[in-house]
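Engineer: Here's a structure for you.
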Amino acid sequence: MATGAGEDTLRNSLSISGSKKPDAGALFVLKSEGSWWHCGYHMTTAIVAPVLLTLPYAFALLGWIGGTLCLTVAGIVTFYSYNLLSIVLEHFTQLGRRQLRFRDMANDILGPRWGIYFVGPLQLVICYGAVISLILLNGQSLKYIYLVFTSNGSMKLYQFIVISGGFTMIMAQMPSFHSLRHINFISLILCIAYSACATIGSIYIGYSRNAPMKDYSISEIGIGHVFGFFNAFSLIATTYGNGMIPEIQATIAPPVTGKMLKGLMLCYCVVILTFFSVAISGYWAFGNQSQASSILANFIVRGTPLLPPWFLLIINTFTLLQALACCLVYLQPINVVLENQFSDPKKSEFSSRNVVPRLVFRSLTVIIATLLATMLPFFGDIMAMIGAFGIIPLDFILPMVFYNVTFKDLRRGFVCWINVVIGVASAVLAAIGAVASVRQLVLDSGKYQLFADM
């Protein structure tokens, strides 16, 4: 019964939106069969990703007060922003025009050109960038696990990235977003587990005999300090970034009213628990020596682990498995496009006509991402740039615009003006953050080379 209801809802929304033919991407990938619990699992996996392990580095650029303030404000603004999106989505559902994708919202609210030429491509760039960085991260985790057992091993980073890409390619064949619900529940447990391990590890090192000297001064001065601030904010924005709230809400079985808010509250309980514990404990233990790549890099000094090898093995295994789940979530908007282009909605989802192109094009998508990850092992700097150019506009600005345009009668109200202030401030931060991230990429480019073994 749930499957039939979900497909009926999708077909009705497509016909109302003016599509001339059923949308295979919506029918096969965005099945409306989930509960608010499943919605919470999906959101948590999309937001609470291993990039949170870079938060101590953001604190190193901002200091105690600036770091805590930015992390708190970004959390409040994104919760508010995602809730606004859910209100707009519920409003259109009540009108009989349920929006299933970010570009659907842009098409209906701002006009077709916004969805086709701006919102849709921007979302795909963000999601594909996340896939590349997560495959890279898994390759780095695999290499670290390898070195724990074989300190003088000869395997290179690109080989582990290829192995990571192979696992991702297999798991990418999961047919729909809803089919990830059990994986994403495990992902929620894993992100709490490795965040707890990172926090415990930082506190242990901070109190140990080998504890590094704690220096909380901001090392950058002058213009470098200014750019460091905006680069740190871009990094925090990327950490809170999601970019697929409509697609996640599309997985909820009707009626949808109120369910997204419950899922969002579940997600942000995990966000508060993990983000603040890792950021504060990591910065407390290592100060301005917190590493840009991950706080885990601080757990080894000149090849000597500061924690027992078994503990490092556990935390890297948890990180690897959760990053794989995150990668599958960020593949979903891409899968929607692929299914819509190459599948036949009139045939069964599991017919040979649809399974073969699904297997070929999803595999090709992961293969290309894996190749880029092996070529660009310094992709963290590129992701900071993508965060400034993409995450802030998509998650901090557009929800405010969507809400104000949708509820025109409230244009003079308090909420409207709050949205305007947040939107304008976010636009300024995005512009300066983009310049700062490009500057950092240029400064770091001389340190790296293609296919580097890092």
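Engineer: I'd like the full set of residues that are surrounded by 22 or more Cβ atoms within 10 Å (Cβ to Cβ) and of a type outside the set (S, T, N, Q), limited to the range 198-214.
Structural biologist: Correct list: Ala198, Gly201.
Engineer: So the check is Cβ under 8 Å with 6+ separation or different chains; which pairs have a first residue in the range 267-281 that's under 13 Å from Ala196 (Cβ atoms) and modelled with pLDDT of 95 or more and a second one that's open to solvent by 40 Å² or more (accessible area, probe 1.4 Å) and not aromatic (Phe, Trp, Tyr)?
Structural biologist: Val270/Ile192; Leu273/Ile192; Thr274/Ile192; Ser277/Ala196; Ser281/Ile203
Engineer: State yes or no: is Gly287 modelled with pLDDT under 90 and on the phi > 0 side of the Ramachandran plot?
Structural biologist: Spelling it out, it is not the case that Gly287 is modelled with pLDDT under 90 and on the phi > 0 side of the Ramachandran plot.
Engineer: If you don't mind, another one. Specify the residue that is surrounded by the fewest Cβ atoms within 10 Å (Cβ to Cβ); the eligible residues are those in the range 152-197 that are of a type in the set (Ser, Thr, Tyr) and assigned to a helix (DSSP H, G or I).
Structural biologist: Per the stated criteria, the residue is Ser179.
Engineer: On to the next question. Looking at the range 100-111, can you tell me whether even one residue there is open to solvent by 30 Å² or more (accessible area, probe 1.4 Å), touching a residue at least 24 places away in the same chain (Cβ under 8 Å) and more than 22 Å from Val29 (Cα to Cα)?
Structural biologist: yes
Engineer: Is it the case, given these coordinates, that Met155 is under 22 Å from the mean Cα position of the chain (by Cα), farther than 21 Å from Thr239 by Cβ and of a type in the set (A, V, I, L, M, F, W, C)?
Structural biologist: no
Engineer: Follow-up. Would you say Ser234 is assigned to a helix (DSSP H, G or I), of a type in the set (Gly, Ala, Ser) and open to solvent by 10 Å² or more (accessible area, probe 1.4 Å)?
Structural biologist: no
Engineer: Out of the helices (runs of 4 or more DSSP H) lying entirely within the range 1-109, which hold 1 or more residues that are farther than 24 Å from Ser294 by Cβ and modelled with pLDDT of 90 or more?
Structural biologist: Correct list: 24-28, 36-47, 55-94, 102-109.
Engineer: A further question follows. Go through the range 123-161 and give me each residue that's in contact with a Gly (Cβ under 8 Å, 6 or more places away or on another chain), more than 15 Å from Gly387 (Cα to Cα), of a type in the set (A, V, I, L, M, F, W, C) and at pLDDT 85 or above.
Structural biologist: Ile135, Leu157, Phe160, Ile161
Yes/no per residue for (1) touching a residue at least 12 places away in the same chain (Cβ under 8 Å); (2) not polar (S, T, N, Q):
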{"position": "Ile132", "(1), (2)": "yes, yes"}
{"position": "Leu142", "(1), (2)": "yes, yes"}
{"position": "Ile145", "(1), (2)": "yes, yes"}
{"position": "Thr150", "(1), (2)": "no, no"}
{"position": "Tyr158", "(1), (2)": "yes, yes"}
{"position": "Ser164", "(1), (2)": "yes, no"}
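Engineer: Then there is this: For the range 239-280, give me each residue that is among the polar types (S, T, N, Q) and open to solvent by less than 20 Å² (accessible area, probe 1.4 Å).
Structural biologist: Across the range 239-280, the qualifying residues are Thr239, Asn242, Gln249, Thr251, Thr274.
The values are calculated or read from the model by the stated rules, or taken from the named source; none is laboratory data. Here the structure is a predicted model, which is why all the values come from computation and not from measurement. A quick note on method: Cβ atoms are made from the backbone with ideal geometry, for glycine too, and the neighbour counts reach across all protein chains shown. Ligands, DNA and RNA are stripped out before the accessible areas are found, and what is left, the full protein with its side chains, is counted by its heavy atoms. Shrake-Rupley method; radii C 1.70, N 1.55, O 1.52, S 1.80 Å.
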